[in-house]
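Just so it is clear, none of the values below were taken in a lab; they were calculated from the coordinates. All of these numbers come straight from a predicted model, not from anything done at the bench. Please note: Cβ atoms are built from the backbone with ideal geometry, for glycine as well, and neighbour counts cover all protein chains shown.
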Amino acid sequence: MGSSCKITRFLAFSLLLLAMVSCRTTLNTPEQVWGYYTYEHGWSYDTKEGHITASETGTMDFYPDGTALDSARQEYVIVLNNGGKVTCVYNYISPSRWRLDGEDFYFAGIEESFRMEVVEMDPGVCSLEPDRAEELVNTIIQNVRSGISREVKFHLAKLTKRKLVWSYTYLDGHTDTWEFYRNEFCIR
């Protein structure tokens, strides 16, 4: 085999290898998602009762079989229209399903396994009767449960070895972003 043929093969092999490496680093693959992450997130919204501000600190496990486990401590502060305030802390556990299609990240909870339990409730300065305050915090659970199995399409904004970021744009045009930080030191 002549030296020009060897050089041509070497160049062809090098270009093929370069193309494969380039594609691997620019395409998001499910294998790049797998892992154990921590996150913090917050949101707020209005209801007929008043304004709710919520925050959560949690962990997210993404498994190779397309399942996930979302576990969080959620705190809701409900400022009532009449000036009262109710604070409630929940233990949130949502076994889920996920799939990745390019930059589209699909995620849905599994309703049959979903749990959201009240672990603390402080009716604070509240003009509501205790039964009504309890009904209000249970309504939050019912509302979350009613939509947990709906598959949501998130935009995969960033996926690195240390970080996963997805976002969702609501019908009203505002975008919410979640940042997950991979914990490489946790042995599962």
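Couple of notes before you dig in:
- Figure legend: label point modelled 7 angstrom from the Cα of Asp46 along Cα→Cβ; residues of segment 139-176 with amide N under 18 Å from it are 170-175.
- Inter-probe distance in nm under a simple model that places probes 7 Å from Cα toward Cβ, at Asn81 and Trp34: 5.2 nm
- Put simply, the amide H of Thr47, placed in the peptide plane, has neighbours under 5 Å in Ile52, leaving out anything fewer than 5 places away on its chain.
- Close amide H contacts of Ala157 (hydrogens built in the peptide plane, cut-off under 5 Å, sequence separation of 5 or more or a different chain): Val165, Trp166, Ser167.
- Computed from label points 7 Å out along Cα-Cβ, the spacing between His155 and Thr53 is 2.7 nm.
- Cβ-based net charge around Thr53, under 12 Å, with every Lys or Arg adding one and every Asp or Glu removing one: -2
- The string of couplings for segment 62-68 from the Karplus curve (6.51, -1.76, 1.60, θ = phi - 60°) is 9, 9, x, 7, x, 9, 8 Hz, one whole number per residue in order, with x for Gly and Pro.
- Length gained on full extension, Glu120 to Arg162: 11.8 nm, using 0.36 nm per residue less the C-alpha separation.
- Note that segment 78-88 has calculated 3J(HN,Hα) couplings of 10, 9, 6, 4, 8, x, x, 9, 10, 10, 9 Hz, one per residue in order, obtained from phi through the Karplus relation 6.51 cos²θ - 1.76 cosθ + 1.60 (θ = phi - 60°); glycine and proline are x.
- Phi angles of segment 41-51 translate, via the Karplus equation with coefficients 6.51, -1.76, 1.60 and θ = phi - 60°, into HN-Hα couplings of 8, x, 7, 8, 6, 9, 10, 5, 7, x, 10 Hz per residue; Gly and Pro are given as x.
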